[in-house]
1. Look at the range 102-123 and say how many of its residues are without any contact (Cβ under 8 Å) to a residue 40 or more places away in the chain and charged (D, E, K, R).
2. Would a scan of the range 423-442 turn up a residue that is surrounded by 20 or more Cβ atoms within 10 Å (Cβ to Cβ), farther than 27 Å from Arg373 by Cα and in contact (Cβ under 8 Å) with a residue 60 or more places away in the chain?
3. Working only within the range 490-544, note down all residues that are surrounded by 20 or more Cβ atoms within 10 Å (Cβ to Cβ), hydrophobic (A, V, I, L, M, F, W, C) and more than 22 Å from Pro690 (Cα to Cα).
4. Take the range 566-592 and flag every residue that is touching a Gly at 6+ places or on another chain (Cβ under 9 Å), open to solvent by less than 10 Å² (accessible area, probe 1.4 Å) and farther than 26 Å from Ile288 by Cβ.
5. Just name the residue that is farthest from Val591 (Cα to Cα) out of those in the range 227-243 that are open to solvent by less than 30 Å² (accessible area, probe 1.4 Å), more than 22 Å from the chain's Cα centre (by Cα) and not hydrophobic (A, V, I, L, M, F, W, C).
6. What tally of residues in the range 551-597 results from selecting those that are basic (Lys, Arg), over 32 Å from the mean Cα position of the chain (by Cα) and within 18 Å of Phe250 (Cβ to Cβ)?
7. Considering only residues that are open to solvent by less than 10 Å² (accessible area, probe 1.4 Å) and of a type in the set (Ser, Thr, Tyr), look in the range 244-277 and name the one that is nearest to Asn592 (Cα to Cα).
8. Is it fair to say Tyr546 is closer than 17 Å to Val282 by Cα and in contact with a Ser or Thr (Cβ under 9 Å, 6 or more places away or on another chain)?
Amino acid sequence: MTQKTPAPRRSPGGTKQKATEQMAEPKPPKTQPAGRAGGALPPGDADGRARVFVENVQPDIDAGRFAAKGVEGDAFVVEADVFADGHDLVGAVLLHRREGESVWSETRMEPVGNDRFHASFTPDRLGFFEYTVVGFVDRYGSWARDLRKRAEARQDVAIELLIGADHLERAARGLKGAAPVAKTLSGLAKELREKRATEKQGAQVDAATSVEIIELMRLHAERAHAVEYPRVLRMFADRERAAFSAWYEFFPRSCAATPGEHGTFADAERWLPRIAKLGFDVVYLPPIHPIGRVHRKGRNNTLTPEAHDVGSPWAIGSTEGGHEAILPELGTPEDFRKFVATARSLGIDVALDIAFQCAPDHPWVKEHPQWFRALPDGTIRYAENPPKKYQDIYPFDFETDDWRNLWAALRDVVAHWIEQGVTVFRVDNPHTKSFRFWEWLIADIRRTNPEMLFLSEAFTRPKVMYALAKLGFTQSYTYFAWKNRKWELEQYLREVTSPPVSRFFRPNPWPNTPDILNEFLQHGGRPACVARLVLAATLCGNYGVYGPPYELAQVTPREPGSEEYLDSEKYQLRHWALGGDDTLAPVMERVNRIRRENPALRRDDTLRFHHCENDQIICYSKRSHDGENAVVVVVNLDPHHTQSGFVNLDLPSLGLAWDDRFQAHDALNDARYLWAGPRNYVELHPHSSPAHVFVIRKSARTEQDFEYFV
């Protein structure tokens with residue numbers, strides 16, 4: 001139950017004694033109290049009567065330093081440890097409000113065992129919300145519990161009834177604007193004060209301990225010496241697409257209908273209906289800005305380009321403009337806005353790459369040389385990640401004395417593309433830029449555009465990746481592309497979909513990117529592509545693919561041992577003959593439809609792995625929060641051989657009893673099976689059925705059902 005309550009007089013802070021504050025070292029009194037051997041009185045600002053402790057409130061990201069992640073319209077669950085000395089019951093309430101409001105909403109927390117309480121609130125808009133927890137001794141509940149025990153032991157409870165009357169009267173006096181409730185409580189208090197023989201006190205006991213009265217007193221009883229958690233915590237409520245999205249990456253310059261021609265936004269716009277039909281709801285474009293000519297890279301990343309080579313889109317800027325300009329070959333700003341409008345009409349967000357770096361001939365190199373780091377010989381250091389070299393890119397120096405103007409200019413770049421209709425940004429290598437800059441930039445943008453989403457492309461150390469998520473990035477790339485064995489998939493996905501990581505980190509796994517073509521795909525071909533697609537799309541609510549080569553299962557590396565694509569379109573135009581007989585498009589469309597039709601696959605927090613006796617088969621499930629939809633996924637991790645074995649399902653996690661029969665409907669191929677109990681057989685051929693996506697339905701226990709479904 002939720003109600004409004006006035007804000008505490010201090011803000012932010014607690015209503016009474018802080019839960020975990022340490023008593024300050026007291027100053028010696030000027031005069032020693034008579035009769036004492038020594039020592040000092042407790043400090044005057046400490047309330048020694050506060051008996052409750054409120055601890056371990058979660059989510060609490062780094063002692064309140066960062067905000068947890070939530071979604072508009074989804075329940076946001078808060079838990080806390082609340083306990084006190086003695087045998088009295090304790091109660092707890094969750095206080096929550098929109099950031100900036102003066103009035104708290106209050107929701108009673110329910111016990112879940114071992115002094116742990118939980119409750120939830122549902123953010124009703126985008127933006128920041130605040131929450132904290134207040135604990136108190138439940139004096140009426142404790143009294144009612146003991147009263148019932150005494151009455152059952154046939155003891156005289158006359159005195160106890162007078163104590164209860166006092167509790168009721170104090171609660172009635174504290175009510176304002178709730179006359180009917182006050183009348184009910186004061187009326188019962190009067191009844192409890194009537195003297196009755198022991199054998200006739202039963203009616204009074206029943207009235208005082210009724211469910212209705214217990215509930216009213218939980219809401220209105222006096223909370224003397226209540227204790228508030230010492231921090232007001234925050235969460236940011238994103239729109240739904242922050243937690244559930246399917247990304248499709250492509251290069252507009254490779255969308256021309258005729259091989260060898262440079263594609264345009266108009267060409268890319270013609271791709272959008274097909275991408276929407278495949279079920280993707282975010283299209284991600286690499287940088288669309290003018291490309292530098294100085295030290296331009298040639299085909300396959302060579303340092304000796306030919307005159308017709310188009311260069312890397314990440315080498316941003318030339319005499320034609322910088323980060324707010326558009327490569328002329330792609331079209332005009334009006335063409336881009338038309339592309340965005342068409343995408344929006346199809347329910348697709350446009351994600352634009354933000355790469356804060358410059359080509360040597362970017363206008364800023366001449367206009368703001370102080371924004372770049374000079375070497376002793378006077379040249380500017382280009383970007384490196386040894387042994388990789390990026391001679392066509394100059395990184396910004398975030399330690400420049402002119403950092404404020406640099407920050408403002410980069411913020412203006414983001415604001416410019418928001419004005420053009422962009423709603424999502426994929427941020428290139430954010431871990432190589434100032435963390436404080438990202439925290440400031442994202443917070444500044446969210447003040448006026450809380451709907452914006454930011455994807456962190458940071459394939460770096462785990463703590464750095466997690467720090468960026470805490471700083472405000474909505475979604476994050478993961479190590480999924482390099483997790484191919486069963487044990488490492490299970491271990492890693494448990495980590496990123498469970499607390500504490502899941503409270504601030506939203507994984508967005510990609511089986512491939514223009515930079516990542518791992519060995520599993522190279523050697524596994526089409527079966528590996530299908531298996532990795534199913535894994536990425538069902539393990540997490542967000543996922544993405546670098547689309548055209550994945551559709552065609554093109555997995556040829558530049559050379560052995562490389563993760564670069566041969567003839568990568570990072571450095572040249574490509575022409576994609578999509579829609580052939582061997583395309584993965586039907587599989588993509590089917591997988592994305594399964595995602596949309598099954599609420600269980602929209603969540604990460606219900607992911608459960610189930611044991612399979614064959615280490616080449618991985619099995620996991622998800623279940624919707626209302627319990628009505630459950631999905632079990634089984635994938636063959638061997639792209640070369642048929643694998644079989646028994647899966648052992650944790651049936652209660654699927655909402656089933658251990659001896660239930662149930663229908664397992666494979667939504668990938670529409671096959672239906674009747675399974676019984678936890679142990680069931682699977683067989684997966686890498687070319688015909690590399691994966692099952694079973695929608696679980698309870699089934700009648702009849703032989704006819706068994707014959708029909710099998």
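1. 3
2. Yes, that holds for at least one residue.
3. Val496, Phe504, Phe505
4. The answer is Val591, and nothing else.
5. It comes out as Glu228.
6. Of the residues in that region, 1 qualify.
7. Looking at the filtered set, the residue picked out is Ser245.
8. Yes.
The values are calculated or read from the model by the stated rules, or taken from the named source; none is laboratory data. Every value quoted in this text rests on a predicted model; they were computed, and no experiment measured them. Neighbour counts run over all protein chains shown; Cβ positions are idealised from the backbone, glycine included. Note: accessible area is taken over every heavy atom of the protein model, side chains too, but ligands, DNA and RNA are not part of it. Shrake-Rupley method; radii C 1.70, N 1.55, O 1.52, S 1.80 Å.
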